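Just so it is clear, none of the values below were taken in a lab; they were calculated from the coordinates. Just so you know, these numbers come straight off a predicted model, no measurement behind them. Note: ideal-geometry Cβ built from the backbone for every residue, glycine included; neighbour counts use all protein chains shown.
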Amino acid sequence: MLPVTRLIGSIRRGEIRWLNYLLASVLALGSDAALFLLLLDSGLAPMPASAVGYCAGILVHWLVSSRLVFADGAAARGTGERHRQKMLFVGSALVGLAVTTAIVGTGSAFGFDPRLAKLGAIVVSFQTTYLLRRHIVFRAAAT
């Protein structure tokens, strides 16, 4: 295969992976928000409802990411490497949470509407976690 053709094929695979990651993120966010609202309606306090929803979102994202988005880089089930990937995945989710919190906090401190700051934070956090997961968590999938 010619180098240019190989490069174009690699870019297209990267775009498809990114779009699949976007889908996984939408599903995870939907799961998070739906469970959060359900728990709030059931009378649970906002903070624990938010935490449970967020954890459910991480679980949904792991399931979709390891089986669809980065399936070619996911370690075999039941191995130490798979456990390591799960821990790195949770770590990347916590990085995303820290990025989101920092952006919303900074935006609010400078007088921005927190909802607008949150929208900006979603974009930055999404790309940050995608890069962490592509290049560190599922590093074999980046080829």
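Comparing P114, I103, Q127 along the charge dipole axis of segment 83-143, the residue lying farthest to the positive side is Q127, per the Cβ-charge model. From helices alone, the chain scores -26500 deg cm²/dmol at 222 nm; the rule is -39500 (n - 2.57) for each run of n ≥ 4 DSSP H residues, then divide by the residue total. Helix 46-64 and the longest principal axis of the C-alpha atoms of the chain enclose an angle of approximately 10°.
Fully extending the segment from H135 to D113 would add 4.6 nm, taking 0.36 nm per residue of separation and subtracting the current Cα-Cα distance.
For every other residue with a beta carbon closer than 15 angstrom to the beta carbon of V64, add +1 if it is Lys or Arg and -1 if Asp or Glu, then tell me the sum.
Numbers: positive: R17, R67, K86, R133, R134; negative: D32, D72.
Net local charge, V64 excluded: +3.
3J(HN,Hα) couplings calculated from phi for segment 78-91 with the Karplus curve 6.51 cos²θ - 1.76 cosθ + 1.60 (θ = phi - 60°) are, in sequence order, x, 9, x, 5, 5, 4, 4, 4, 4, 5, 5, 5, 4, x Hz; Gly and Pro show x.
Give, in nm to one decimal, the length gained when the segment between S50 and L23 is fully stretched (0.36 nm per residue of separation minus the Cα-Cα distance). Each step should come with its number before you reach the end.
Numbers: separation 27, 0.36 × 27 = 9.72 nm, distance 2.14 nm.
Roughly 7.6 nm would be gained on extension.
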